[in-house]
Each structure stands twice: as structure tokens, then as C-alpha cells.
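Okay, structure first, notes after.
The values are calculated or read from the model by the stated rules, or taken from the named source; none is laboratory data. These figures come from a predicted structure and were not determined experimentally. Virtual Cβ from ideal backbone geometry, glycine too; neighbours counted across all protein chains shown.
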Amino acid sequence: MYGGFSPVIKPMRLLVVLAVTATTMVGATASPATGTFKARWTGTWATALTTASLGNTNGSLVGFNNQSVRMIVHTSVAGEKVRIRLSNAFGAQAISVGHASVGIPVAPASPDLVPGSVRELTFGGSESVTVFKGSDVLSDPLDLTVPALSDLAVTIYLPVATGQTSWHWTSRQTSYVYAGDQAENPSGAGHTNAYNSFYFLAGVDVASKTALGSVVVLGDSISDGSGATLNANKRWPDLLAARIVGTMPHIGDPGVLNEALAGNQVTHDGSEIGFTAIGTSALARVDTDVYGQTGVRSVIVELGVNDVHIANDQPDRIIAGLRQLVAQLQEKGLRVLVCTLGPFEGYPSWTPGKETTRVTVNGFIRNEFDHVIDMDQVLRDPAAATKLKVEFDSGDHIHPNDAGNEAMAKAVPLDLLLQ
């Protein structure tokens with residue numbers, strides 16, 4: 001059992017499993033089922049980054065200087081090797097990473113690491129690396145068993161002033177800032193700041209003989225977990241990963257990569273309203289946040305409500321944006337699942353006119369796309385369809401709580417992700 005989900009057989013892969021099982025039964029010395037499989041790289045965790053906050057929220061604009069940042073990430077699928085991807089996509093200059101490591105927290109979300117678990121990362125054989133303006137770097141593969149659904153601490157030391165960061169504003173996970181180089185220090189004590197944001201870390205990949213590709217969630221604050229419990233990994237994509245891993249067998253499990261940004265819109269950039277932390281439009285960021293992900297095979301699009309409640313767009317613009325977004329994703333050979341827009345009466349920006357827009361867009365989604373996840377139906381109150389169910393409301397009347405996130409994760413048809 002994982003996250004309340006019962007294990008079930010993955011029917012689309014039953015023939016493959018039977019074939020592998022038959023092979024392993026030939027002769028007493030036959031290798032395990034995965035013994036002849038080649039390990040493949042897939043994303044086990046990722047986040048969408050943006051340009052720094054104009055107001056220096058959480059230190060994002062000033063950046064770091066002779067400081068270490070320890071970030072706790074939660075894996076989806078397991079692997080036998082690990083590598084990280086650091087990004088300076090939104091920086092104003094090259095940055096220097098003097099030292100980097102991974103380690104195992106002593107408890108969920110803890111900055112204290114299990115003694116002996118800290119492993120140094122290298123880049124082309126060196127412990128330091130320059131990340132040029134606008135670019136990413138991959139660390140060298142590290143032999144390390146990474147369990148599924150587990151916490152991994154990534155620590156990076158930044159020896160000289162970075163200037164503005166490439167960051168993720170609303171991580172729902174606490175990151176810790178320290179003076180000096182703490183990359184190989186297992187102690188989490190002595191931090192000078194703690195922020196609920198990620199910095200420069202764009203992804204964590206694993207080499208796995210059982211995982212197969214990844215599912216990208218391209219979403220907004222609903223997927224980013226704005227109503228979820230802090231440091232508990234209760235965003236609905238986290239719970240989807242738990243549901244996938246909780247099924248049997250594990251051969252062919254996709255990683256789940258949460259590329260959601262709070263406030264993100266289909267056709268508008270955050271800079272239009274002076275709020276860069278919500279990112280560029282989904283249409284503008286698809287190259288990096290979808291195609292740039294390791295092993296992507298499927299995409300879940302959970303977007304549009306901010307185009308309604310922030311931009312007050314008319315249905316035609318939102319529909320045109322979603323249609324174009326899905327067409328581009330499908331052109332790349334990706335399977336696309338589109339979510340309907342959940343209700344939000346009670347949120348300060350709600351109006352009857354915006355409700356009409358939401359209903360119109362949902363009607364289009366249900367009738368236009370081949371694969372639809374009807375999150376509106378999952379979340380709405382049957383007695384008041386313009387509102388969230390009371391038991392799913394985090395309190396602001398737009399973002400689901402942990403129970404609502406679990407219901408959303410259960411609504412995703414696994415057979416479409418596991419084929």
C-alpha cells in the first residue's frame with residue numbers, strides 16, 4: 001500500500017511480464033527478470049524554474065555568495081545510478097558551483113543526513129563546474145541506489161556571488177541556506193535562512209532497469225501543491241507517483257515530473273503583470289519544461305484557471321491556446337491528457353462572468369480532446385457546482401487540500417500512462 005492506494009496489476013504490460021517471467025524460469029541459473037535489461041535514464045524528480053522575483057522574494061534576486069543551499073526532493077521511480085541537472089537558464093551571468101552532493105535525510109524533509117550517506121557529485125570528473133548564462137549542466141553518473149518515493153537531499157555550494165537565481169518560487173518544501181561549503185557536512189544545523197523555494201536545481205534523473213520514461217505534469221498552482229501540507233509531498237502529482245509505484249509489476253513505471261508553476265497561464269507571461277515568479281506562458285515554456293525533460297512520454301496539462309481568474313480572458317483565447325498547446329505536444333509524439341478546470345467560487349477574483357468562461361472552456365475540453373481527466377467533476381460540490389467540495393477545500397476555495405489532491409491522483413487513468 002502506498003498513500004492509501006491498493007496494488008493492482010497493470011494490464012497493458014501483462015504480456016510483457018509473462019514473457020519475462022517465462023524467460024527467467026528456464027534453467028536454475030537464469031538471471032532475475034531485470035538482469036538482462038539495460039538501465040535507462042529517466043527523470044525521477046523535476047521542477048520548473050523561472051527568473052528571479054523583482055522584489056527579491058526568498059533571496060532570489062540577490063542570490064548567494066560563499067553559501068550552500070540544501071534542497072530536499074522526493075523521488076518518484078527508483079534507480080541504481082543518479083545524476084542531477086543544474087540550470088542557469090534565467091541568470092544574468094555565469095555561475096560557479098564549487099561543490100555538490102547528494103545524501104539521505106534522517107527523516108522526511110530533514111536537513112540532517114544519515115551519517116555515511118553523503119556522496120560527492122562531479123562534473124566531467126571535477127568537483128566544481130561553471131554553469132554559463134542561459135545553460136544547464138548535468139553531473140556525472142553516480143552509483144547510488146535511489147529508492148522510489150523517497151527523500152533525497154541535494155546540496156550545492158556557491159563560492160562566489162551568483163547574482164539573480166533561476167528558481168522555483170512555491171516549492172512546498174523547505175530548503176536550507178548555510179555559510180560556506182557544507183556540501184559534505186551531514187549536519188543540517190546552523191542554517192542562516194530557510195526558504196520554501198528551490199534554486200538552480202532543475203531535475204534529478206535515475207538510471208533504472210525497470211522504469212520506462214516519464215510523465216510531465218504541465219500545470220499551475222493546483223499541481224504545484226499550493227493547498228497541500230508543507231514538507232509532506234501531498235501534491236497530487238506526488239500521490240500519482242505513489243499510485244503508479246503501488247501497482248504491480250514495476251517494469252515500465254514512468255517517473256512523474258512536476259513542471260507546474262503557481263499562477264501560470266496558457267497564453268500570458270507573468271512579466272505582463274510584474275510577477276515573474278509565475279513564469280512565461282505554457283506555450284512559451286514547453287520547450288524547456290516538457291521537451292527538455294528526461295524520457296518524457298506523456299504529458300498531463302492542468303492549466304487554464306489562471307487565464308480565467310487572473311487575466312479574465314474570454315473563452316476563445318483560452319481555447320485557442322489549449323488547442324495549440326496540445327497540437328504541439330502531439331506533434332512530438334507525446335500522449336496528452338487534458339484536465340478540466342476546477343471550480344473557484346469563494347475565491348476573491350470569482351465572478352459570474354468568469355464562471356461562464358470556465359464552464360465554456362470545460363465544455364470545449366470534454367468535447368475536443370481524446371484523453372480528458374475531468375478534475376472539475378472530481379472536485380466540485382454536487383450541490384453547488386461552482387464551488388469546491390467542502391472536504392476538498394484547503395480554505396481559499398480554489399486550491400484542493402491533501403484529500404482533494406488524493407482524489408485528483410485517483411482520477412488519472414493509469415492505463416493511458418503505462419502503455
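Pull up region 326-357, narrow it to residues that are of a type in the set (Lys, Arg) and over 15 Å from residue 376 (Cβ atoms), then point me to the one that is surrounded by the fewest Cβ atoms within 10 Å (Cβ to Cβ).
Among those residues, the one meeting the criterion is 332.
Looking at (1) within 30 Å of residue 253 (Cα to Cα); (2) touching a Phe, Trp or Tyr at 6+ places or on another chain (Cβ under 9 Å); (3) not acidic (Asp, Glu), can you tell me which one residue 158 breaks?
Only one criterion is unmet by residue 158, namely (1).
State whether one or more residues within region 329-352 are in a helix (DSSP H, G or I), touching a residue at least 12 places away in the same chain (Cβ under 8 Å) and under 30 Å from residue 134 (Cβ atoms).
Yes; the residues of region 329-352 include at least one that is in a helix (DSSP H, G or I), touching a residue at least 12 places away in the same chain (Cβ under 8 Å) and under 30 Å from residue 134 (Cβ atoms).
Out of curiosity, is residue 207 touching a strand residue (DSSP E or B) at 6+ places or on another chain (Cβ under 6 Å), within 30 Å of residue 39 (Cα to Cα) and modelled with pLDDT under 95?
Taking the combined requirement at face value, the residue does not satisfy it.
Is region 269-284 home to any residue that is touching a helix residue (DSSP H, G or I) at 6+ places or on another chain (Cβ under 7 Å), without any contact (Cβ under 8 Å) to a residue 24 or more places away in the chain and closer than 26 Å to residue 61 by Cβ?
Yes, there is a match, as at least one residue in region 269-284 is touching a helix residue (DSSP H, G or I) at 6+ places or on another chain (Cβ under 7 Å), without any contact (Cβ under 8 Å) to a residue 24 or more places away in the chain and closer than 26 Å to residue 61 by Cβ.
Could you check, for region 272-279, whether at least one of its residues is surrounded by fewer than 23 Cβ atoms within 10 Å (Cβ to Cβ), under 25 Å from residue 370 (Cα atoms) and touching a Leu at 6+ places or on another chain (Cβ under 9 Å)?
Checked region 272-279: no residue is surrounded by fewer than 23 Cβ atoms within 10 Å (Cβ to Cβ), under 25 Å from residue 370 (Cα atoms) and touching a Leu at 6+ places or on another chain (Cβ under 9 Å).
Would you point out which residue out of 279, 295, 321, 333 is over 16 Å from the mean Cα position of the chain (by Cα), on the phi > 0 side of the Ramachandran plot and not basic (Lys, Arg)?
Of 279, 295, 321, 333, the one residue that is over 16 Å from the mean Cα position of the chain (by Cα), on the phi > 0 side of the Ramachandran plot and not basic (Lys, Arg) is 333.
Only one residue in 153, 109 is closer than 16 Å to residue 70 by Cβ, among the aliphatic types (A, V, I, L, M), touching a residue at least 40 places away in the same chain (Cβ under 8 Å) and not in a strand (DSSP E or B). Which one?
109
Of all residues in region 388-411, which are surrounded by fewer than 19 Cβ atoms within 10 Å (Cβ to Cβ), under 25 Å from residue 319 (Cα atoms) and over 20 Å from the mean Cα position of the chain (by Cα)?
Correct list: 397 only.
Report yes if some residue within region 325-335 is in contact with a Pro (Cβ under 6 Å, 6 or more places away or on another chain) and either more than 19 Å from residue 413 (Cβ to Cβ) or not hydroxyl-bearing (Ser, Thr, Tyr) (or both); otherwise report no.
no
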